[in-house]
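Single-structure report; data block below.
The values are calculated or read from the model by the stated rules, or taken from the named source; none is laboratory data. As the structure is a prediction and not an experimental result, all values here were calculated from the model. Quick reminder, even Gly has a Cβ in these numbers, built from the backbone with ideal geometry, and neighbours come from all protein chains shown.
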Amino acid sequence: MSPIAPPIVRTMAELRARVGAWRAAGERVGFTPTMGALHEGHLSLVRLAKQRADRAVVSIFVNPTQFAPHEDFDAYPRDEARDAELLAGVGCDLIYAPAAAEMYPPGSSTTVSVAGVSEPLDGAARPGHFAGVATVVTKLLLQAGPDVAVFGEKDYQQLQVIRRLVRDLDIPVEIIGGPTARAEDGLALSSRNAYLTTAERAAAPELHRALAAAVDQLRAGRPVAEAEAEAVARLTRAGFARVDYVEVRGPHDLARLGPGPIAGPARILGAAVLGRTRLIDNLPV
Ligand code: PAF
């Protein structure tokens, strides 16, 4: 027998009523914001939320404000019925799937912008992206009022931006980072992997391999600049059309490190385009 699909609410008022009732009964609420098109990576985040709380709420909202006009907002995969079925299997208690007009009623004019950590890397490659993410995540957290919220480490810079905004805006929620789920060949799971052709899918794990090779080199004392340059060359050789960045940075503030050997914990982050699909990945160093 398949598990019962979780109820879906579409308004902030219904969401607050359900979460409020649970919290009034002394239950802890875990929250996993998503844009749908769910895969094992998302499901692992919901399982993590369920370990840390009594109730798991998942939002599904393809947020228009984090896509630039030339990006894939219209093409972004959407299948709410399939998502609901998958969420039933991991014990999700409630889905919040608001329409754009519920999230951004006419007249909305406030944007949350996080200086510093949101500026380099994807912030430079995708102007406006993190303001869109920061604004919708702030709203989602204030709407749901959870005890804990879980975000994937696959979007590592996003996770750091969210940690910063929660601290700066005194939002009373604990932010948890969930480990990146990978295919057997190392490719980080992503809803956008669905865009890859068969040949591109075969080349895609090279992003993870290039970063992993750079990590080995850095641990062996190779200078940052050389390890980064070699990873970029490797991706170009593997057929990536464009490498937006491969950079080693501080693990929390994402500050640039010097070009020499690393002296402490760091994170290597990469973004590159294969065909028409932009892939990102990162690893601890
Ligand atoms: O990581 C995502 O899926 C989105 O950026 C998020 C956090 C749900 C905000 O729209």
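Determine which single condition residue 143 fails, assuming it passes every other condition in (1) part of a loop (DSSP other than H, G, I, E, B); (2) closer than 25 Å to residue 97 by Cβ; (3) not hydrophobic (A, V, I, L, M, F, W, C).
(1)
Among strands (runs of 3 or more DSSP E) lying entirely in the range 231-285, which contain 2 or more residues that are of a type in the set (D, E, K, R) and at pLDDT 95 or above? If you could, list the steps in order and put the result at the bottom.
Numbers: elements: 242-249, 267-274, 277-284.
Filter on the range 231-285 gives 242-249, 277-284.
I'd like to verify a number: residues in the range 154-186 that are touching a residue at least 60 places away in the same chain (Cβ under 8 Å), over 30 Å from residue 13 (Cα atoms) and either of a type outside the set (Ser, Thr, Tyr) or assigned to a helix (DSSP H, G or I) (or both), how many?
Qualifying residue count for the region: 5.
What about residue 13, is it more than 13 Å from the ligand (Cβ to nearest atom), surrounded by 18 or more Cβ atoms within 10 Å (Cβ to Cβ) and at pLDDT 95 or above?
So residue 13 fails the test.
Residues that are away from the ligand (no atom under 16 Å from the Cβ) and either among the aliphatic types (A, V, I, L, M) or closer than 24 Å to residue 130 by Cα (or both): does the range 63-72 have at least one?
Just the residues of the range 63-72 that are away from the ligand (no atom under 16 Å from the Cβ), to begin with: 69-70.
Filter again for either among the aliphatic types (A, V, I, L, M) or closer than 24 Å to residue 130 by Cα (or both), leaving 69-70.
Scanning the range 63-72 turns up at least one residue that is away from the ligand (no atom under 16 Å from the Cβ) and either among the aliphatic types (A, V, I, L, M) or closer than 24 Å to residue 130 by Cα (or both).
For the range 81-94, state whether one or more residues are in a loop (DSSP other than H, G, I, E, B) and without any contact (Cβ under 8 Å) to a residue 40 or more places away in the chain.
no
Rundown of residues vs (1) crowded, with 21+ Cβ neighbours inside 10 Å; (2) within 13 Å of the ligand (Cβ to nearest atom); (3) farther than 23 Å from residue 56 by Cβ, yes/no style:
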{"position": "105", "(1), (2), (3)": "no, no, yes"}
{"position": "116", "(1), (2), (3)": "no, no, yes"}
{"position": "119", "(1), (2), (3)": "no, no, yes"}
{"position": "125", "(1), (2), (3)": "no, no, yes"}
{"position": "137", "(1), (2), (3)": "yes, yes, no"}
{"position": "175", "(1), (2), (3)": "no, yes, no"}
{"position": "186", "(1), (2), (3)": "no, no, yes"}
{"position": "190", "(1), (2), (3)": "yes, yes, no"}
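Taking the options 84, 49, 88, name whichever one is buried (at least 17 other Cβ atoms within 10 Å of the Cβ), away from the ligand (no atom under 16 Å from the Cβ) and under 27 Å from residue 194 (Cβ atoms). Give the derivation first.
On the way: 49 fails: away from the ligand (no atom under 16 Å from the Cβ); 88 fails: buried (at least 17 other Cβ atoms within 10 Å of the Cβ).
The match here is 84.
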